[in-house]
Each structure stands twice: as C-alpha cells, then as structure tokens.
Amino acid sequence: MSKVMSSLAVNTKIQSDFPVLSREVNGSKLVYLDSAATTQKPQCVIDAITHFYTNYNSNIHRSAHTLGAEASIAYDSARAKLAKFINAKHTSEVIFTKGCTEAINLVAYSWGRKHLKNGDEIILSEMEHHANIVPWQVVAKETGAIIKVVPVTVDGILDLRYYKDLLSEKTKLVSLIHVSNTLGTINPVKEIARLAKNYGAKVLIDGAQCGAAMPIDVQDIDADFYTLSGHKMYGPTGIGVLHAKKNLLEEMDPYQTGGGMIKLVDFNETSYADIPNKFEAGTPHISGAIGLGKAVDYIQELGWETILEIKQSLYQYGVNRLKNIDGIKLFGHKDEDTSVPVFSFAVDGVHPHDVATILDSMGIAVRAGHHCCQPLMRNFGVPATARASFSIYNTKEDVDVLVEGIKKCLEMFS
Amino acid sequence: MDLGELYQEIIIDHSKNPRNHVVLENYTHEAEGYNPLCGDKVHLYINMDNGIVEKISFQGCGCAISQASASILTQMASGKKLETIVDIGERFRDVLTNNSSNTDDFESLDALLGVKNYPMRIKCATLAWHTFTEAIGSCNKLHTGDKNE
C-alpha cells in the first residue's frame with residue numbers, strides 16, 4: 001500500500017477508518033494521544049461486533065441451531081486468526097482471557113502456585129506494569145518464593161548485566177514486559193528468554209503494548225507464556241490472549257471452573273476439557289473475540305510495512321520536537337532504535353494533571369499519572385508523568401499541536 | 001473551554017507559593033490524605049485549643065488545584081472556630097458535587113469554584129478538606145517535635 005499511495009493519502013485513509021477521530025473536543029479537533037491506555041476502534045471492528053449481535057447472537061459450542069453454529073464458527077475462527085497472527089504452533093495454544101491482567105493471573109494461579117517453592121526466585125523488572133507485579137507478590141507470599149528486580153537505567157532500558165547476575169539455578173520464572181507502556185522501550189525479549197532458559201527457568205512476556213506495535217512471533221521469541229491485550233490493538237475491551245506452550249497448558253490445572261471447561265461431571269469427580277477450553281470456563285466474551293479477530297484482519301490489511309513506517313516517522317519527528325522544548329524532561333529515549341512512539345515527560349513547574357487538563361482544553365488527550373508503574377516513577381524521582389502515546393492514526397501535525405500545548409502549559413505557570 | 005476559570009491567578013499563586021507549608025512543631029491533630037488514582041498527597045498538621053484552630057500547616061505534593069486548595073484551607077482556618085471550618089468544608093464539597101450555591105464566607109475559596117466544571121478534578125480540590133475532617137477525628141494528643149516522644 002505504502003508504495004502505491006503517498007504517505008499523506010495513507011494517513012488520511014487510516015484516519016477515516018476511525019470514526020471517533022472526527023469529533024471535536026472542547027471546540028477543537030480531537031488529537032488522541034492516549035493509545036497506550038487504549039487504542040481507538042476502526043469502523044470495521046465496531047461493525048463486526050454490531051453484526052454479531054444483530055444477526056447471529058448465540059452461545060457457542062452447545063447449540064445445535066444455525067445461530068449457534070455461526071457464532072461457534074466465528075469464535076473459533078477468531079482464535080485461529082490470533083494464533084496465526086502471533087505464529088503459534090497450535091491454535092489450541094491460544095486462550096482467550098479478559099486481557100493481559102487476567103492472562104498473567106491465570107499463569108500465576110495455575111502454573112505458579114503449583115511449581116514455585118520456598119526459596120525459588122521470580123525475576124521481574126522495574127518497568128513492569130502493576131499487572132505483572134502484584135500477581136507474583138501474591139504467589140510469592142503463598143509459596144515462599146522470592147521476587148528479584150532488574151533495574152532500569154537512566155536511559156530507560158533494562159540493565160542486562162544486572163539481569164545476567166540475577167540469573168541462577170534458583171530462578172524459576174522470568175516475567176517481563178515486552179514494550180514499556182510508560183517509556184516506549186522495546187526490550188530484547190528473545191535474548192532475555194534465551195538467557196533464562198540456560199537455567200531452566202520459565203519465561204512470561206507481557207505483550208500488552210505489542211499487538212499494534214510490531215509483528216510478534218512467539219516461536220521465535222520462544223517464551224513459555226506470552227500475553228496480548230485486545231483493546232490496545234484496535235479491538236474491544238474485555239478480551240485478550242494468553243499464549244502458552246501446549247505441554248505446559250496440558251499439565252496446568254484450570255484457573256476457573258464451571259461450564260464449558262469440562263468433559264464429564266458428577267458429584268464425586270469432574271474430568272476437564274482439552275485445551276483451550278479447559279481454561280475458558282463459562283460463556284466467553286464471544287463478541288469480544290470476534291471483534292479482536294476483525295482487528296487482526298485490519299492490522300494485516302494495512303500491513304506491517306505501512307504500520308512500522310508510520311510509527312517510526314512519528315517517533316523520529318516526536319522525539320526531535322519534544323527534546324527541543326526548553327522546560328520539559330523526557331524520560332528514557334536515549335536509544336532511539338528500540339522505542340515506540342510513547343513519550344513520558346515532565347513539564348517544569350507544572351504538575352502532570354494540570355498539563356493534562358490544559359491540553360484537554362485544546363482537544364488533546366494525554367494520560368497523566370503513574371501509568372500503573374509506581375516503582376518506575378520512584379526510580380525517576382517523580383510521583384507522576386504526562387504521557388503522549390501515538391498510534392497509526394496520528395500525524396506529524398498532532399505532534400505540532402502537542403508541542404504548542406506544552407508551550408501553553410509553560411506559559412500559564414511561568 | 002475557559003481555562004482561566006480553573007487556573008485563576010490566585011490558584012497559580014497558592015500552588016507556586018504555598019502558605020503554611022511546614023510541619024508544625026507542636027500539633028494535636030494530623031492526617032495524610034492520598035488519592036492513589038492521581039498521586040495527590042496532602043498532610044495536615046493542626047494545633048487545636050478549646051475548639052479553636054490555633055495553628056494549621058500542610059505538606060504535600062500534587063497538582064496545582066490540590067496544593068492550592070490545601071494552602072487556602074490553612075490560610076482560612078487559622079484562628080477560626082473548628083465548627084466554622086467544618087461548615088465551610090461541607091458546603092464547599094456540596095457546591096462542587098451537588099447543586100448547592102451557598103458560598104457564604106468562602107473568601108479565597110471562591111477561586112476554586114471553577115473546578116465544578118471539571119468533574120475529573122473535583123477530587124483534587126476536595127482532598128485537603130476531606131483530610132481536615134479525617135484529622136479532627138484523629139486522636140487528640142499533643143505531638144511535639146521531640147522524636148523520642
């Protein structure tokens with residue numbers, strides 16, 4: 001596509017795919033810079049969900065009627081799309097969850113509680129989202145396992161030398177974020193997984209920010225567990241993916257129990273369904289899975305070449321313009337080859353919440369806060385930052401509007 | 001959207017030059033208010049005598065609205081009857097969250113009424129006032145600067 005159409009035409013086309021972008025906020029055109037929190041949804045995803053409820057809403061896998069069959073086929077085909085999207089070896093390795101948070105909790109509950117023992121070590125990093133900290137703390141308390149933390153350098157990257165020193169025979173799990181939601185840093189997860197495996201440790205990679213950011217190949221990364229968030233990759237909220245190796249899923253106990261995950265039930269004993277159903281108790285989020293499947297179609301129709309080109313050009317333009325504003329501090333971003341266009345910054349003398357309110361008055365949506373990364377904020381010595389995160393529907397003009405907004409913040413509090 | 005209504009000069013002045021921004025050497029009541037969603041913190045120290053707020057100070061960090069509100073609270077409360085401040089605090093919260101318009105004796109607090117039009121920021125403005133309520137309910141005991149107390 002990028003070769004046929006000019007980049008401006010591609011951008012205009014993509015913008016027109018996202019209906020919310022045409023609205024006004026506080027009298028200005030919406031400039032949505034909060035895609036790391038959740039991306040906007042293209043019309044085709046909204047339509048796929050509406051189409052399900054309008055034309056073939058039904059429960060799956062248990063109704064012999066036509067609607068039931070159509071819904072089951074659509075749900076299963078969404079799983080197959082996701083499996084192909086991340087290059088899973090088997091479709092049954094893809095478990096639908098509420099999101100990354102539930103996927104990590106599932107692993108902590110079903111794998112962690114069974115395999116972690118007193119004195120075993122879990123390695124996390126300082127840039128983890130709370131979703132990849134708290135579930136492990138709970139399991140560590142229960143089992144006596146110990147949490148070790150890889151620090152983040154002033155450049156906003158993981159201290160790999162420190163990581164290598166932490167690894168030992170005691171390491172049973174390494175659980176790390178693939179792309180930082182706060183800094184935009186892309187971590188070298190393949191190398192991290194390879195090093196962990198030298199000690200026989202299992203590896204979980206939290207890919208919440210990755211579905212819309214880059215092609216994912218779970219076989220190449222070779223992590224044992226990989227998680228995806230649907231709503232951060234143009235899909236609906238309440239749906240995500242846990243990918244795990246087949247043999248691991250087969251030996252893990254169920255996370256939740258009930259309907260849909262059984263073979264035979266009597267009051268003495270129950271035998272569980274095969275994977276993936278074993279991990280999907282109750283009626284799943286059918287419309288969510290269908291919507292996410294459509295989001296995958298959308299990403300693939302655009303093509304990674306186009307997506308990466310847009311994001312890299314937004315990154316370069318963004319980092320250059322932001323760095324040159326007197327009075328702001330940009331966190332991370334010393335290594336420009338390994339970052340996505342997510343910028344956390346502090347404006348001199350203006351608290352991030354005031355920054356967010358002032359920008360909002362100009363129609364610019366940014367996040368202000370700790371981004372569910374309180375340990376990382378402590379490392380930076382700030383209680384909070386403002387964060388502007390860009391996606392494929394953003395333009396260089398959006399960067400210009402942001403810069404103008406930041407200058408207005410500085411002016412108001414000067 | 002009129003930002004001037006929210007960030008009035010008096011608010012920016014209080015946030016940049018907070019009044020009574022120390023820890024009292026002697027205080028009878030204290031409490032720390034914290035909003036985990038945005039990270040705003042206000043720690044109030046109050047020296048109360050016979051139903052009168054003799055001295056009041058605060059420490060904290062957060063947005064301009066939260067810190068200005070705390071600063072204005074300490075400025076207003078100093079030397080006043082406890083019940084007067086409690087009454088103002090209750091009416092302030094009422095004006096921001098309900099449709100009340102009783103703003104008698106609001107003094108500089110009037111400057112914070114623009115927050116009413118910013119629902120996401122109301123908690124910032126009321127944090128110090130909630131903390132005040134919490135502090136006066138705390139143990140009535142004289143704390144001194146002596147750490148070995």
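The values are calculated or read from the model by the stated rules, or taken from the named source; none is laboratory data. None of the values given here were measured: they were computed from a predicted structure. FYI the Cβ positions are ideal-geometry reconstructions off the backbone, even for glycines, and counts take in every protein chain you see. Side chains included, ligands, DNA and RNA excluded: accessible areas come from the protein's heavy atoms. Shrake-Rupley method; radii C 1.70, N 1.55, O 1.52, S 1.80 Å.
Only bridges whose two residues both fall in the stretch A:47-300 count here: according to DSSP, what percent of them are antiparallel, nearest 5?
On the way: 14 of 30 bridges.
Beta bridges within the stretch A:47-300, antiparallel portion: roughly 45 percent.
222 nm [θ] for chain B, helices only, -39500 (n - 2.57) per DSSP H run of 4+, per residue, to 500? Can you show the working numbers first?
Values: 5 runs with 57 residues, N = 149.
After summing the helix terms and dividing by the residues of chain B, the value is -11500 deg cm²/dmol.
Could you report chain B's accessible area per residue, 1.4 Å probe, as an integer in Å²?
Details: 7300 Å² over 149 residues.
Counting only protein heavy atoms, the per-residue value for chain B is 49 Å².
Need one number: buried accessible surface between chains A and B, 1.4 Å probe, both sides summed, DNA, RNA and ligands left out, in Å² to 100. Present the calculation step by step, with values, prior to reporting the outcome.
Working: alone 17640 and 7960 Å², together 24270 Å².
The buried area between A and B, both sides summed, comes to about 1300 Å².
FRET efficiency for A:Lys114 and B:Asp49, Cβ-Cβ distance as r, R0 = 41 Å, nearest 0.05?
Working: r = 61 Å, r/R0 = 1.49.
Given R0 = 41 Å and the Cβ-Cβ separation, E is 0.10.
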Farthest toward the dipole's positive end in the protein assembly as shown, which of B:Gly89, A:His370, A:Leu248, given Cβ charges of +1 (Lys, Arg) and -1 (Asp, Glu) about the Cα centre? A:Leu248
At 222 nm, what helix-only mean residue ellipticity would chain A give, in deg cm²/dmol to the nearest 500, using -39500 (n - 2.57) for each DSSP H run of four or more? -11500 deg cm²/dmol
How big is the protein assembly as shown in terms of Cα radius of gyration and Dmax, in angstroms? 26.6, 81
Toward the positive end of the charge dipole of the stretch B:3-136, about the Cα centre and with charges on Cβ (Lys, Arg +1; Asp, Glu -1), which of B:Ile12, B:Ser69, B:Asn47 goes farthest? B:Ile12
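Of the accessible area of the stretch A:47-300, with the probe set at 1.4 angstrom, what percent is carbon plus sulfur? Numbers along the way, then the final one.
Values: 5280 of 10390 Å².
Heavy-atom surface of the stretch A:47-300 belonging to carbon and sulfur, 1.4 Å probe: 51 percent.
I'd like the Kirkwood hydrodynamic radius of the stretch A:47-300, using the inverse of the mean 1/r over distinct C-alpha pairs, in Å. The partial results should precede the final answer.
Working: mean 1/r = 0.0532 Å⁻¹.
By the Kirkwood definition, the hydrodynamic radius is 18.8 Å.
Rounded to two decimals, what ratio of Rg to Rh does chain B give with C-alpha atoms and a Kirkwood Rh?
Values: Rg = 14.8 Å, Rh = 15.4 Å.
Rounded to two decimals, Rg over Rh is 0.96.
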When only Cα pairs under 8 Å and 6 or more residues apart are kept, what is the percent relative contact order across the stretch A:47-300? 23
Most mobile of A:His65, A:His51, A:His231 in a GNM of chain A (Cα contacts under 10 Å): A:His65
Positive-end residue, the protein assembly as shown charge dipole about Cα centroid, Cβ charges, pick of A:Asn26, B:Ala125, B:Ala135: A:Asn26
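Hey, got the dipole for the stretch A:56-115? About the Cα centre, +1 on K and R Cβ, -1 on D and E Cβ, debye to the nearest 20? Mind showing how you got there, number by number?
Details: 8 positive and 4 negative charges, 44 e Å.
That gives the stretch A:56-115 a dipole magnitude of about 220 debye.
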Classify the stretch A:114-183 as rounded, prolate or oblate, taking a ≥ b ≥ c as the square roots of the eigenvalues of its Cα gyration tensor: rounded when a/c is under 1.5, otherwise prolate if a/b is larger than b/c and oblate if not. oblate
Given the options A:Leu242, A:Leu67, A:Leu21, which has the most mean-square fluctuation in a GNM of chain A, springs set between C-alpha atoms less than 10 angstrom apart? A:Leu67
Carbon and sulfur %, accessible surface of chain B computed with the full protein complex present, 1.4 Å: 46
Evaluate E = 1/(1 + (r/R0)^6) for A:Thr12 and B:Asn99, where r is the Cβ-Cβ distance and R0 equals 35 Å; express this FRET efficiency to the nearest 0.05. 0.20
Interface residues of the stretch A:327-360, defined as losing at least 20 Å² of accessible area versus the chain alone with a 1.4 Å probe, are A:His351, A:His353, A:Asp354, A:Thr357
Enter the accessible area per residue of the stretch A:47-300 (Å², integer; probe 1.4 Å; all protein chains in place). 41
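In debye, nearest 20, what is the charge dipole magnitude of the stretch A:271-389 about its Cα centre with +1 on Lys and Arg Cβ and -1 on Asp and Glu Cβ, if you could check? Intermediate values should be presented prior to the final figure.
Numbers: 10 positive and 13 negative charges, 75 e Å.
Its charge dipole is roughly 360 debye.
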Would you mind getting me the FRET efficiency between A:Ser28 and A:His130? Use the beta-carbon distance for r and R0 = 25 Å, nearest 0.05. 0.15
With every protein chain present, what accessible area does A:His351 have (1.4 Å probe, heavy atoms only), rounded to the nearest 10 Å²? 30
Looking at the stretch B:113-137, residues buried by 20 Å² or more relative to their chain on its own, accessible surface at probe 1.4 Å, turn out to be B:Arg121
Note on the stretch B:2-19: residues buried by at least 40 Å² of accessible area once partner chains are added (vs chain on its own, 1.4 Å probe) come out as B:Leu3, B:Tyr7, B:Ile12, B:Lys16
Might you report the magnitude of the Cβ-based charge dipole of the protein assembly as shown about its Cα centre, with Lys and Arg at +1 and Asp and Glu at -1, to the nearest 20 debye? 1240
